[in-house]
1. Apply 1/(1 + (r/R0)^6) to the Cβ-Cβ distance of D:Asp148 and C:Asn102, taking R0 = 30 Å, and write down the FRET efficiency to the nearest 0.05.
2. Suppose the chain between A:Leu88 and A:Val66 were pulled fully straight at 0.36 nm per residue; how much longer would it get relative to their current alpha carbon spacing?
3. Quick one, can you get me the convex hull of the C-alpha atoms of the protein assembly as shown expressed as volume per residue in Å³?
4. Can you give the FRET efficiency to the nearest 0.05 for A:Ala96 and D:Val131, using r as the Cβ-Cβ distance and R₀ = 56 Å?
5. 7 Å from Cα along Cα→Cβ at both A:Ser139 and B:Tyr60: what's the point-to-point distance in nm?
6. Nearest 10 degrees is fine. How inclined is helix B:2-26 to the longest principal axis of chain B, computing both from alpha carbons?
7. Answer with one residue from B:Ile10, B:Ile25, B:Leu55: the one whose Cα lies farthest towards the positive end of the charge dipole of region B:2-84, charges on Cβ with Lys, Arg +1 and Asp, Glu -1.
8. Label points 7 Å out from Cα along the Cβ direction at A:Leu77 and C:Leu3: separation in nm?
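Only the coordinates and a few stated rules stand behind these numbers; no lab work does. Only a predicted model underlies this, so the values are computations on that prediction, with no experimental measurement involved. Using ideal geometry, Cβ is built from the backbone for each residue, glycine included, and neighbour counts are taken over all protein chains shown.
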Amino acid sequence: MKSNTLILRTAALAIMPLQLMFSVFLLLRGHDEPGGGFIGGLVAASAFVLYAFSFGVGSTRKLLRVSPKDLLAVGLLFGLASTIPSLLAGEAMLTAMWWQLPLPGEGYLKLSTVLVFDIGVYLAVLGTLMTFVIGLMES
Amino acid sequence: MIEIALKVTIALIALAVVLNVYRLIRGPDATDRVLALDTLYINAIALILLLDIQLDTRLYLESALLIAVMGFIGTVALAKYLKRGSVIE
Amino acid sequence: MTLAIELGISILLIIGGVFALIGAIGLARLPDFYTRLHGPTKATTIGVGSIALASFAYFAGANASYDLIELLIMVFLFMTAPISANFLAKAAMHLKVKTTDNTRGQPWDQ
Amino acid sequence: MNARFGLPHPLLSFALFFVWLMLAGASAGYVVLGLLLAWILPLVTRGFWPDTPRIKKPWKLLPYTLKVILDIIIASLTVARLVLSFRRKPQPAFVCYPLTLTDPMGITMLASTISLTPGTVSADVSDDHRVLLIHAVDVSDDQELIEDIHDRYEKALLEVFQ
């Protein structure tokens, strides 16, 4: 049954970018405030789920561009990669390392292995959920 | 003054939640229950905002936005399920 | 904080609570599903919107922190409430939910 | 502008950047990041949106929004009176509203407006996008309601989208 989803489609157009924005925000503020990779990935997945509701599974696959399982794998690789700097520095594995890059104006861009690990978690959560959802859709 | 207003508002919202739960239990149709759930999550957002003012912290604001996002997705999914018998075709 | 701001915030809070309660009363006592749909979409949404505004004013007045997340919550609620209502109405029409006796006109079933 | 790296939806980009500032605040790093995201997100997702909204005159949305906000406040008072009046039974009705708007975005905005304003919830759009089904909670004259919606909202939206 081809149903008429005009209102949901246009609403998804407006809401989905907002959700993606929110997910990136949650990912980046995860260091010392509530947020982090897990919940960011969850929100990103919800954005894609909304897209899947309104446009169907085929276009969602195209929108993701890569297979969700690859996303999951890349996320795990990121998690693994975040352990390397501490190993090179001779610390215990997963010890947090921080770099501060001065920015124009005031303030520092804080880079850390924690962020890399968080991005890994983000991608892994997104990949897992999209694997579930796309699997359910196609079954 | 704000403190009294805050307490009164929390009481009002709590009463609203009780009424929503009444509709959630009573039914009679599945759509009524979904509507009650929808209203419940919006009231939950209100409670979180009030808690934020009460505790004078901004820690819980993101969770309020998060509930708004996830609750909307949930309502759409439930409505789609009721209509189609499956969530995604 | 001056007295005027405190008064304004208190009024916004009470208005929000009253409207949320009105939405819930509407949900509990109106006769059929389609009329019940009106309470939560309008009254509850504006109630929570009002509380969000009060929260924004409180934090702006108390410690001059201008995070605009409350406004974002408000915008998001006002964007999504009509869409969920629309979807629930569609589902109800599909399930042929009963209307009250004095309803004029017919729901569709597509 | 270069099609590959330009701004496919300038309005969307602007809205995204604005939302980002609302979320993150206006510190230097976050502003740069917000600009980047506002540029990249529409670019990456371009082409997956079959019906691109065509807003011709975005500045006309502002007075429209203000009018709608006023009406929303009135709407809540109407609902409040309806809910709290125990004596009178309301007179609900389904009304078919003939649309003159054709743009999907416009129809969605009109439907949302109708849902948020006094006594009406838009329930469905017909398959050919010509008719909107409205449920009104307390109405005595269908024709009057249709004309009212047309004069108040649809004319303003037609100006924005055409």
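1. E(calc), rounded to 0.05, equals 0.90.
2. 4.8 nm
3. 169
4. Efficiency at R0 = 56 Å is approximately 0.40.
5. Reported label-point gap for A:Ser139 and B:Tyr60 is 3.6 nm.
6. That works out to roughly 20 degrees.
7. Of the candidates, B:Ile25 comes out farthest on the positive side.
8. So the label points at A:Leu77 and C:Leu3 sit 6.7 nm apart.
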